[in-house]
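Visitor: Before I ask anything, let me first share the structure, which is written out below as structure tokens.
The values are calculated or read from the model by the stated rules, or taken from the named source; none is laboratory data. Because the structure is predicted, anything quoted here is derived from the model rather than measured. Here the Cβ is made from the backbone with ideal geometry for all residues, glycine too, and neighbour counts use every protein chain on show.
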């Protein structure tokens with residue numbers, strides 16, 4: 001639909017409104033002399049549409065706004081051109097920035113739309129049991145899980161916006177919190193990188209278990225995240241649930257690394273490729289994404305990047321990668337710079 005044809009009822013009806021970032025063919029806009037009536041890009045148009053929907057109050061319902069473009073670097077502004085999509089969305093006051101080249105574009109848009117539709121028309125007015133119960137329901141956190149309380153404590157540490165929502169905040173705050181501050185990072189939810197590192201098996205082995213039918217498969221299904229936006233960007237698992245699973249295995253006598261791995265293989269019913277690092281950690285790159293490599297903690301240093309949530313697991317990067325990347329080197333934790341200097345001297349030597 002062309003912007004000229006969009007009516008307020010279209011916005012009120014929609015769960016998700018997608019706009020191209022580059023709005024080139026719009027003669028009616030270009031013929032105007034008042035620049036305030038000339039939104040130059042999708043982000044600017046989203047701001048106009050959002051204000052119109054918000055002006056309707058509760059009658060406007062919830063509508064998510066996102067752009068989709070083959071040129072996401074346009075949205076990065078002064079940020080690095082390869083900046084992650086959740087950062088782009090956050091900096092541009094939209095729910096998400098979709099790449100037109102993403103093979104999962106349709107499923108991600110559908111997941112976002114379904115999430116919007118699942119949100120209540122009005123959040124409970126007071127912060128209390130009703131508000132907490134609704135959040136737990138949306139997150140798929142059921143009381144029957146033995147690690148339920150631990151998981152909810154983890155959620156609360158991640159600054160879930162219950163106070164803002166109870167104070168009349170827009171229901172999309174909850175979706176934005178999940179999309180931009182939780183799912184992209186190792187928080188109370190872990191993706192396969194952190195799960196495999198915790199279980200000390202490779203990601204390929206983890207996938208073989210997830211796709212199989214074994215005792216270990218059932219255990220992982222039990223701790224898999226099945227809440228709002230569960231299908232948006234790959235599978236996630238509850239951090240508290242995974243750690244509880246590992247503790248349960250060790251508590252049965254498999255305390256050593258070899259014994260723990262043997263117990264996992266017995267539960268899986270087949271061989272699993274172990275991670276050989278003594279203390280395996282997941283490392284990220286300059287774009288704050290996992291590199292896919294798990295290394296020993298002695299080969300990594302801590303980072304303090306601006307856009308990494310303080311409540312997320314501590315970000316680590318491989319020393320060899322940092323030595324090659326000035327951007328990463330600039331955000332090394334001050335207490336770890338000596339390790340980096342030593343590594344650099346060893347490399348020069």
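Visitor: Quick check on segment 102-116. Is at least one of its residues over 26 Å from the mean Cα position of the chain (by Cα), part of a helix (DSSP H, G or I) and free of Cβ contacts under 8 Å to residues at least 40 places away in the same chain?
Guide: Step one: filter segment 102-116 for residues over 26 Å from the mean Cα position of the chain (by Cα), giving none.
Checking segment 102-116: not a single residue is over 26 Å from the mean Cα position of the chain (by Cα), part of a helix (DSSP H, G or I) and free of Cβ contacts under 8 Å to residues at least 40 places away in the same chain.
Visitor: Select from segment 231-243 the residues that are in contact with a helix residue (DSSP H, G or I) (Cβ under 8 Å, 6 or more places away or on another chain) and buried (at least 20 other Cβ atoms within 10 Å of the Cβ) and write down the one among them that is farthest from residue 135 (Cα to Cα).
Guide: Pass one, segment 231-243, residues in contact with a helix residue (DSSP H, G or I) (Cβ under 8 Å, 6 or more places away or on another chain): 231-235, 237-243.
Then drop every residue that is not buried (at least 20 other Cβ atoms within 10 Å of the Cβ), which leaves 232, 237-242.
Values: 232: 18, 237: 17, 238: 15, 239: 17, 240: 17, 241: 18, 242: 21 Å.
Result: 242.
Visitor: Please specify each residue of segment 172-202 satisfying the condition of being surrounded by fewer than 22 Cβ atoms within 10 Å (Cβ to Cβ), over 30 Å from residue 217 (Cα atoms) and touching a helix residue (DSSP H, G or I) at 6+ places or on another chain (Cβ under 7 Å).
Guide: Within segment 172-202, 173 is the sole residue that qualifies.
Visitor: Let me ask something else. Among the listed residues 155, 195, 209, 221, which satisfies the condition of being in contact with a strand residue (DSSP E or B) (Cβ under 6 Å, 6 or more places away or on another chain) and in a helix (DSSP H, G or I)? Steps first, answer last, please.
Guide: Numbers: 155 fails: in contact with a strand residue (DSSP E or B) (Cβ under 6 Å, 6 or more places away or on another chain); 209 fails: in contact with a strand residue (DSSP E or B) (Cβ under 6 Å, 6 or more places away or on another chain); 221 fails: in contact with a strand residue (DSSP E or B) (Cβ under 6 Å, 6 or more places away or on another chain).
Going through 155, 195, 209, 221 in turn, just one is in contact with a strand residue (DSSP E or B) (Cβ under 6 Å, 6 or more places away or on another chain) and in a helix (DSSP H, G or I): 195.
Visitor: Ok, one more. Return the residue satisfying two criteria in turn: it lies in segment 262-298 and is touching a residue at least 60 places away in the same chain (Cβ under 8 Å) and part of a strand (DSSP E or B), and of such residues it is nearest to residue 202 (Cα to Cα).
Guide: Checking each candidate, the answer is 274.
Visitor: Do the conditions hold for residue 137, that is, is it buried (at least 17 other Cβ atoms within 10 Å of the Cβ) and closer than 28 Å to residue 57 by Cα? Walk me through how you get there before you give the answer.
Guide: Values: buried (at least 17 other Cβ atoms within 10 Å of the Cβ): no; closer than 28 Å to residue 57 by Cα: yes.
Taking the combined requirement at face value, the residue does not satisfy it.
Visitor: Which one of the conditions (1) exposed (fewer than 12 other Cβ atoms within 10 Å of the Cβ); (2) free of Cβ contacts under 8 Å to residues at least 60 places away in the same chain; (3) closer than 30 Å to residue 158 by Cα does residue 324 fail to meet, given that it meets all the rest?
Guide: Of everything listed in (1) exposed (fewer than 12 other Cβ atoms within 10 Å of the Cβ); (2) free of Cβ contacts under 8 Å to residues at least 60 places away in the same chain; (3) closer than 30 Å to residue 158 by Cα, residue 324 misses just condition (3).
Visitor: Only one of these is modelled with pLDDT under 90 and under 16 Å from the mean Cα position of the chain (by Cα): 89, 70. Name it. Reasoning before the result, please.
Guide: Working: 70 fails: under 16 Å from the mean Cα position of the chain (by Cα).
After applying the criteria, what remains is 89.
Visitor: Would you pick out the residues in segment 317-335 that are in a helix (DSSP H, G or I) and out of contact with any helix residue (DSSP H, G or I) (no Cβ under 9 Å at 6 or more places or on another chain)?
Guide: So the first thing to find is which residues in segment 317-335 are in a helix (DSSP H, G or I), and the list is 319-324, 326-329, 334-335.
Once the filter is applied, which keeps residues that are in a helix (DSSP H, G or I) and out of contact with any helix residue (DSSP H, G or I) (no Cβ under 9 Å at 6 or more places or on another chain), segment 317-335 yields 324, 326, 327, 334, 335.
Visitor: Among the numbered criteria (1) surrounded by 17 or more Cβ atoms within 10 Å (Cβ to Cβ); (2) in contact with a strand residue (DSSP E or B) (Cβ under 6 Å, 6 or more places away or on another chain), which single criterion is violated by residue 105?
Guide: Of everything listed in (1) surrounded by 17 or more Cβ atoms within 10 Å (Cβ to Cβ); (2) in contact with a strand residue (DSSP E or B) (Cβ under 6 Å, 6 or more places away or on another chain), residue 105 misses just condition (1).
Visitor: Return the residues of segment 285-319 that are out of contact with any strand residue (DSSP E or B) (no Cβ under 9 Å at 6 or more places or on another chain), at pLDDT 90 or above and surrounded by 14 or more Cβ atoms within 10 Å (Cβ to Cβ); say none if nothing qualifies.
Guide: Those that are out of contact with any strand residue (DSSP E or B) (no Cβ under 9 Å at 6 or more places or on another chain), at pLDDT 90 or above and surrounded by 14 or more Cβ atoms within 10 Å (Cβ to Cβ): 309, 311, 312.
Visitor: How about segment 14-68: which of its residues are in a strand (DSSP E or B) and touching a residue at least 60 places away in the same chain (Cβ under 8 Å)? Walk me through it before giving the result.
Guide: Within segment 14-68, the first condition is being in a strand (DSSP E or B), and the residues that meet it are 16-20, 22, 41, 64-68.
Matches in segment 14-68: 16, 18, 64.
Visitor: Separate question: Which ones in segment 254-284 are modelled with pLDDT under 90 and crowded, with 17+ Cβ neighbours inside 10 Å?
Guide: If the condition is that a residue be modelled with pLDDT under 90 and crowded, with 17+ Cβ neighbours inside 10 Å, then 254 is the only one that fits.
Visitor: Looking at segment 134-154, which of its residues are within 18 Å of residue 170 (Cα to Cα) and over 20 Å from the mean Cα position of the chain (by Cα)?
Guide: 134
Visitor: Separate question: Residue by residue through segment 158-175, note down the ones that are within 15 Å of the chain's Cα centre (by Cα) and in a helix (DSSP H, G or I). First the steps, then the outcome.
Guide: Our first condition is that a residue be within 15 Å of the chain's Cα centre (by Cα); within segment 158-175, this holds for 158-160, 173-175.
Correct list: 173, 174, 175.
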